[in-house]
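Here the structure comes first, spelled out in structure tokens, and everything after it is commentary.
The values are calculated or read from the model by the stated rules, or taken from the named source; none is laboratory data. Small disclaimer: the values here were computed from a predicted structure and weren't measured. Here the Cβ is made from the backbone with ideal geometry for all residues, glycine too, and neighbour counts use every protein chain on show. Only protein heavy atoms, including side chains, enter the accessible area calculation; ligands, DNA and RNA are left aside. Shrake-Rupley method; radii C 1.70, N 1.55, O 1.52, S 1.80 Å.
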Amino acid sequence: MEDCIFCKIVSGGISSQRVYEDSQVLVIRDINPQAPVHLLLMSKKHIASALDVSEADVPLIVRIMVVASQLARKEGLAERGFRLLTNVGREGGQSVPHLHFHLIGGRQMSWPPG
Ligand code: 5GP
Ligand code: ZN
């Protein structure tokens, strides 16, 4: 999709630190990390947010969860724990309208989130 930062990252038009890639999923390091580990797991196809996920996207979403678990182990977060989340819309704090999950860890998280 034109004018979408993450579509440009997927196509290579904007450079990023790629951590993992397959036919459906791209994982990069967040440019403004909120913890020692801060990965962004995004769908390669443009989906605006979790609100726009459909039945046809079930394999993609499961794939993202599997990749998240593999990368959490690889980054040394499995024992300590971590957070996996997606922000939706204005009040949800979503700043990039292209479906992505934050995998954040390496420090103690607090609850409730701000
Ligand atoms: P959101 O606010 O939509 O949940 O998350 C968007 C995230 O994308 C933010 O954490 C922000 O730091 C990150 N981000 C925005 N632009 C870029 C970019 O060009 N490169 C990378 N690696 N991360 C970005
Ligand atoms: Zn996009």
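Taking the range 71-88 as the range and being in a loop (DSSP other than H, G, I, E, B), in contact (Cβ under 8 Å) with a residue 12 or more places away in the chain and open to solvent by 80 Å² or more (accessible area, probe 1.4 Å) as the test, only Arg80 passes. Being over 22 Å from Ile9 (Cα atoms), away from ligand 2 (no atom under 14 Å from the Cβ) and part of a helix (DSSP H, G or I): is that true of Glu91 here? Yes: the conditions hold for Glu91. Contact map, the range 46-70: first residue touching a residue at least 24 places away in the same chain (Cβ under 8 Å) and surrounded by fewer than 11 Cβ atoms within 10 Å (Cβ to Cβ), second residue of a type outside the set (D, E, K, R) and not in a helix (DSSP H, G or I), Cβ cut-off under 8 Å, separation 6 or more or different chains; pairs are Pro59/Gln24. Total residues in the range 16-67 satisfying the condition of being within 21 Å of Met109 (Cα to Cα), within 15 Å of ligand 1 (Cβ to nearest atom) and out of contact with any helix residue (DSSP H, G or I) (no Cβ under 7 Å at 6 or more places or on another chain): the figure is 11. Any residue in the range 12-30 that is more than 16 Å from ligand 2 (Cβ to nearest atom), touching a residue at least 40 places away in the same chain (Cβ under 8 Å) and in a helix (DSSP H, G or I)? The answer is no; no qualifying residue exists.
Sort through Gly81, Gly76, Gly114, Gly105 and tell me the only one that's farther than 17 Å from Asp30 by Cα and within 15 Å of ligand 1 (Cβ to nearest atom). First the steps, then the outcome.
On the way: Gly81 fails: within 15 Å of ligand 1 (Cβ to nearest atom); Gly76 fails: within 15 Å of ligand 1 (Cβ to nearest atom); Gly105 fails: farther than 17 Å from Asp30 by Cα.
After ruling out the rest, the residue left standing is Gly114.
If you go through the range 31-70 and pick out every residue that is under 14 Å from His100 (Cβ atoms) and assigned to a helix (DSSP H, G or I), you end up with 11.
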